[in-house]
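Chemist: The structure under discussion is supplied below as structure tokens; questions concerning it will follow.
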Amino acid sequence: MAEQVSSVAPISSDRARKVRRLIGRGRRFLSLDAKVAFGGLIILIGLALAIFAPLISPADPLEQDLMSATLPPIGFAGADPAHLLGTDDLGRDVLARLLYGGRVAFTVAFVAAGLAGLIGTVLGLVAGWYGRLADTIVSRLIDIWMAFPPVLLSILLVAVFGSGLHSVIAAIVIIDWTRFARVVRAETMAQAALDYVTAARAIGFPRLHVLLNEIVPNLWPVIVALLSLEAGIAVIVEAILSFVGLSVSSDTPTWGGMIASGRQILHQGWWVLAAPLAVLFVTVLAFNLFGEGMRRTLDPVMRR
Amino acid sequence: MIVSVINRLVVAAITLVGVGAIVFVLLRVVPGDPIAMMISPGASPADIAALRARYGLDADLATQFWMWLKALLSGDFGMSISLRRGVLSLLAERLPATLELAFAALALAVALGLFLAVLGTLARRTVCEPLIDALNGLALAVPDFVWALALVLAFGVFVPVLPLSGRINPSIDEGFVTHFYLIESLLRLKLTAFADVASHMAMPVIALGLPLAAVIVRLLKEALKEAMVQDYVLLARLKGMSELRLILQEALRNAIGPTLALTGVQFTFLIGGTVIVERIFSYPGIGNMAVDAVINRDLPLIQGLVLMFGLIFILVNLAVDALAAFFNPRLRHG
């Protein structure tokens, strides 16, 4: 037995090493993926709740009932079991408004982040890869953009476009394309200095081919991470604009609008502020976790 | 050195003019007539025309821009339509409130960030480190808007110890000469007034400062950890220096550069954040005024405010560059 073991030992240790490496890889993948999984799960749940709001909502989010105004959430004295999270000063169900408010939040998050990502990435690639005049123009644009306080600019833009969902999205895209452009430009330049790009150019691939097939695949981790972070920012900006009263019209429930009315009746019904604030917090945190985790999982350098 | 300074100043000037042009163009395409919002419904067309002429809204765009630029350069920022007062004097009145808020928040962020980064470095490789990192990650994700409202709930409702709105209790009349209430009350040793102003500022300052503190902790802690394994730290450790002294005397000096540069950039975000935080706390600064100006479509006031914010941002960026050069001699000759 002992001989046998010693004779197969090299192979088994080789196999063991392989197995160990596999386990290690799997464990690394799982542990790094915890953020992605957790963040992604919350985003999916939130998305499902928003999409199916009409089916699962316990009440009409717009229905006023002054007889049951400012009822506290379940578990507090005077609560009504029909209103799980209580009602606001007009007797509207807080939970129902949260669910419907999620529709606005997630629409803005995905559409605005997607568009800002698209525009910013294209401009960043052009500036970083073709350089010269294109780079000068894009860089100068970014400088001017950076001189604006984002919150002020978003309020300004929405004032120009008029309030509404489209204006909010347009404002976010116009402001935040620079986040993508700046990072993508710098990353493209860093990649362009690497040997594999020189090699691809030396083989004789056209510039555009090198950009799209050699460089862009290496930028995906950064772009995906930025997209997720941007979605979180978009949710906040929408909340801020509807808090100020410059987002969708006031008869559409939004988290920011709920926060604004909660701020006004703070001492009569703190839950009208607390509930949307908590949801906002969890949503933004989920997008952040997902983005952070995604960058680490997809980035071969950080994976090591 | 001189060339790079001039270069930066020119870029700053171009940026400011660019900001001005964008603001001007944007505001001229605003739907909604500002004059229509300030007249009573029964006004005659002649009255409306007279008002248009008074605010210079009857000329064509190019002429308006030229008039506007000339006026700006001579220090005339126009009249606020909604408040019927000179824009410049309004700004001069409100800006100190915002500056006090922003710099107090910066001070809080730097102090807290420095303290926690050093603490985190001391606690590295212990069970405390992942805890600090996790809390730090959490704090990084939370924007000032959410902090502000969470503070409103915590210290305005559940433990009502801090005032929820305003800058100073109206019953306190100290006959302030300047609009820097916090600084002036301290210098004149009016301690009740100082305490009152400080308590009004507490929540907005914390809300603005915490996100920046989180950024500082993240960056500085990484840099300190890297510095702590360098040879010069090892040498100092062999000499018998305590861990805390190692960090403060040896590592910090070498690690602080990049953090400093980024703190400057983040400070401009903090100033941008004053808009919404001032709104939440009804704090009478330029941010709160900006929101009102937009809601009232007060073009001259919006213009002045945006230019003011643009100027502050550019000045902060210049200051950051100067500080970076001061702390890193290599940049001075680069």
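The values are calculated or read from the model by the stated rules, or taken from the named source; none is laboratory data. A quick note: this is a predicted structure, and the numbers were derived from the prediction, not measured. Please note: Cβ atoms are built from the backbone with ideal geometry, for glycine as well, and neighbour counts cover all protein chains shown. We work out accessible area using only protein heavy atoms, side chains counted, and drop any ligands, DNA or RNA first. Shrake-Rupley method; radii C 1.70, N 1.55, O 1.52, S 1.80 Å.
Chemist: Starting from the Cα of B:Arg188, step 7 Å along the direction of its Cβ; do the same at A:Ile51; then give the gap between the two resulting points in nm.
Modeler: Placing both labels 7 Å beyond Cα along the Cβ direction yields 6.3 nm.
Chemist: Please list the helices of chain B that count as membrane-span-like by this rule: a mean Kyte-Doolittle hydropathy of at least -0.5 together with Cα atoms stretching 24 Å or more along the helix axis, each helix being a complete DSSP H run.
Modeler: B:2-28, B:87-122, B:191-227, B:252-280, B:299-327
Chemist: Tell me the per residue accessible area of chain A using a 1.4 Å probe; a whole number in Å² is fine.
Modeler: Values: 14780 Å² over 304 residues.
Per-residue value: 49 Å².
Chemist: Still on this structure, please answer the following. In angstroms, what radius of gyration and Dmax does chain A have, counting Cα atoms only?
Modeler: 25.3, 88
Chemist: Here's something else I'd like to know. How many angstrom lie between the C-alpha centres of the range B:267-281 and the range A:58-102?
Modeler: 31
Chemist: At 1.4 Å probe size, what's the solvent-accessible area of B:Thr98? Round to the nearest 10 Å².
Modeler: 0
Chemist: Right, another one. Report the net charge of residues surrounding A:Gly269, where surrounding means a beta-carbon distance below 10 angstrom and charges are Lys +1, Arg +1, Asp -1, Glu -1.
Modeler: Local net charge: -2.
Chemist: Across chain B, where is the longest run that never hits trypsin sites (Lys or Arg not before Pro) in a DSSP loop with at most 11 other C-beta atoms within 10 Å?
Modeler: B:126-238
Chemist: Continuing with this model, one more query. Per the Kirkwood treatment, what hydrodynamic radius in Å, one decimal, follows for the protein assembly as shown from the mean inverse distance over all distinct Cα pairs?
Modeler: Evaluated on the protein assembly as shown, it is 27.6 Å.
Chemist: A drop of at least 20 square angstrom in accessible area, chain alone versus all protein chains together, probe 1.4 Å. Which residues of the range B:285-326 meet that?
Modeler: Buried by the other chains: B:Val291, B:Val294, B:Ile295, B:Arg297, B:Val306, B:Phe309, B:Phe313.
Chemist: Could you please put A:Met294, B:Met79, B:Met203 in sequence from largest to smallest accessible area, using a 1.4 Å probe? Walk me through the numbers on the way to the answer.
Modeler: Numbers: A:Met294 45, B:Met79 75, B:Met203 0 Å².
The most accessible residue leads, giving B:Met79, A:Met294, B:Met203.
Chemist: For chain B, with a Gaussian network of springs between Cα atoms less than 10 Å apart, report the residue from B:Ala195, B:Ala49, B:Ala261 with the top mean-square fluctuation.
Modeler: The residue with the greatest mean-square fluctuation here is B:Ala49.
Chemist: While we're here: For chain B, compute Rh as the Kirkwood radius over C-alpha pairs and then the Stokes-Einstein diffusion coefficient at 20 °C and 1.002 mPa s; write the answer in µm²/s, rounded to an integer.
Modeler: Values: Rh = 23.0 Å.
Rounded to a whole number, D works out at 93 µm²/s.
Chemist: Among residues other than B:Lys225 whose Cβ falls under 14 Å from its Cβ, what is the net charge (Lys/Arg +1, Asp/Glu -1)? Before the final figure, lay out each step's value.
Modeler: Working: positive: B:Arg124, B:Arg125, B:Arg218, B:Lys221; negative: B:Glu129, B:Asp133, B:Glu222, B:Glu226, B:Glu243, B:Glu250.
Charge balance near B:Lys225 sits at -2.
Chemist: Related question: Per-residue accessible area for A:Thr198 at 1.4 Å probe radius, Å² rounded to 10?
Modeler: 80
Chemist: In addition: Return the average number of partner chain Cβ atoms within 10 angstrom of each residue Cβ along peptide A:272-282.
Modeler: Average neighbour count from other chains, rounded to a whole number: 3.
Chemist: List the residues of the range B:8-27 whose accessible area drops by at least 30 Å² when all protein chains are present, compared with their chain alone, using a 1.4 Å probe and counting only protein heavy atoms.
Modeler: At a threshold of 30 Å² (probe 1.4 Å), the residues of the range B:8-27 that become less exposed are B:Val11, B:Thr15, B:Val19, B:Ile22, B:Leu26.
Chemist: Still on this structure, I have one more. B:Pro96: net charge of surrounding residues, Cβ under 14 Å, Lys/Arg +1, Asp/Glu -1, itself excluded?
Modeler: -2
Chemist: Just to verify a number: what accessible area does A:Glu292 come out at with the full protein assembly present, 1.4 Å probe, Å² rounded to tens?
Modeler: The accessible area comes out at roughly 50 Å².
Chemist: Of B:Pro170, B:Pro300, B:Pro204, which has the largest mean-square fluctuation in a 10 Å C-alpha GNM of chain B?
Modeler: It is B:Pro170.
Chemist: Could you name the lysines in cross-link range of B:Lys239, using Cα to Cα under 20 Å and dropping any fewer than eight places away on the same chain?
Modeler: Straight-line reach from B:Lys239, under 20 Å: B:Lys225.
Chemist: Can you sort A:Met258, B:Met67 by solvent-accessible area, 1.4 Å probe, largest first?
Modeler: Result, largest first: B:Met67, A:Met258.
Chemist: Could you estimate the translational diffusion coefficient of the range B:48-191 from the Stokes-Einstein equation, with Rh from the Kirkwood formula over C-alpha pairs, at 20 °C and 1.002 mPa s, in whole µm²/s?
Modeler: Result for D is 105 µm²/s.
Chemist: Turning to a different aspect of this structure: Below 16 Å, Cα to Cα, which lysines can B:Lys70 reach? Residues fewer than 8 away in the same chain don't count.
Modeler: Partners found: none.
Chemist: Carbon and sulfur atoms: what percent of the 1.4 Å accessible area of the range A:35-303 do they account for?
Modeler: C and S fraction of accessible area: 68 percent.
Chemist: Give me the accessible area buried between chains B and A, both sides summed, with a 1.4 Å probe, in Å² rounded to the nearest 100.
Modeler: In total, this chain pair buries about 3500 Å².
Chemist: R0 = 22 Å: FRET efficiency of B:Val127 with B:Ser242, Cβ-based, nearest 0.05?
Modeler: Efficiency at R0 = 22 Å is approximately 0.55.
Chemist: Given a 10 angstrom Cα cut-off, can you work out which residue in A:Arg179, A:Arg207, A:Arg21 is the most mobile in a GNM of chain A?
Modeler: A:Arg21
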